[in-house]
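Engineer: Right, I'll just put the structure down here and ask away after.
The values are calculated or read from the model by the stated rules, or taken from the named source; none is laboratory data. Fair warning: this is a prediction, and the values are worked out from it, not measured in the lab. Note that each Cβ is placed from the backbone with ideal geometry, even for glycine, and that neighbours are counted across all protein chains shown. The protein model used for the area step is the full one, side chains on, heavy atoms only, and it has no ligands, DNA or RNA in it. Shrake-Rupley method; radii C 1.70, N 1.55, O 1.52, S 1.80 Å.
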Amino acid sequence: MTARRVRVLALDLPTSWMMATNAGDEFMGRMFEAISGMLLDMLAAVARKDYVDRRRRQAQGQAKAKAEGRYRGRPEDVERNVGIARMLGAGQSWGSIQSATGCSRATIAKIAKRIKQAA
């Protein structure tokens, strides 16, 4: 973002209008860059905290629902997974399986691990 010279502007502040129009000398330009960088860092920190808090609250809700027997997670797509196991057994590449089924590499890895453990 620094390399692209991204700036944070609050249009209701007079200083933002000065930054947007590039008015001022070199000193003011550097001050505006420092303020913009500080605002970006602050906004990133707030966004990260919000993300972590949201994930924590979601996990708490899931734990509570599991304890009450209301949450079981997403059911496994058994038919798709049997097809993936068949493709793995036929020696197809993970990329071709991923393209054919639309599943993630993690899903293919999980099924490959099951096959290996069963053998």
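Engineer: Dipole magnitude of the chain about its Cα centre, charges +1 at Lys/Arg Cβ and -1 at Asp/Glu Cβ only, in debye to the nearest 20?
Structural biologist: With Lys and Arg at +1 and Asp and Glu at -1, about 1000 debye.
Engineer: Leaving out ligands and nucleic acids, note down the accessible area per residue over the chain with a 1.4 angstrom probe, in whole Å².
Structural biologist: Using a 1.4 Å probe on heavy atoms only, each residue of the chain averages 80 Å².
Engineer: Here is a further query. Among 27, 62, 1, whose Cα sits farthest toward the positive end of the charge dipole of the chain (+1 at Cβ of Lys/Arg, -1 at Cβ of Asp/Glu, about the Cα centre)?
Structural biologist: Going by the charge dipole, the pick is 62.
Engineer: How large is the Kirkwood hydrodynamic radius of the chain, counting all unique pairs of alpha carbons, in Å?
Structural biologist: That comes to 19.8 Å for the chain.
Engineer: Pull up the cross-link candidates among the lysines for residue 66, meaning alpha carbon to alpha carbon under 26 Å and not fewer than 8 places away within one chain.
Structural biologist: Answer for residue 66, where 26 Å is the Cα cut-off: 49, 110, listed by chain and number.
Engineer: Could I have the simple spin-label model distance between residue 4 and residue 40, label points 7 Å from Cα toward Cβ, reported in nm to one decimal?
Structural biologist: So the label points at residue 4 and residue 40 sit 0.9 nm apart.
Engineer: Hey, can you rank 64-77, 30-43 by average C-beta count inside 10 Å, highest first?
Structural biologist: Averaged packing, sorted descending, gives the order 30-43, 64-77.
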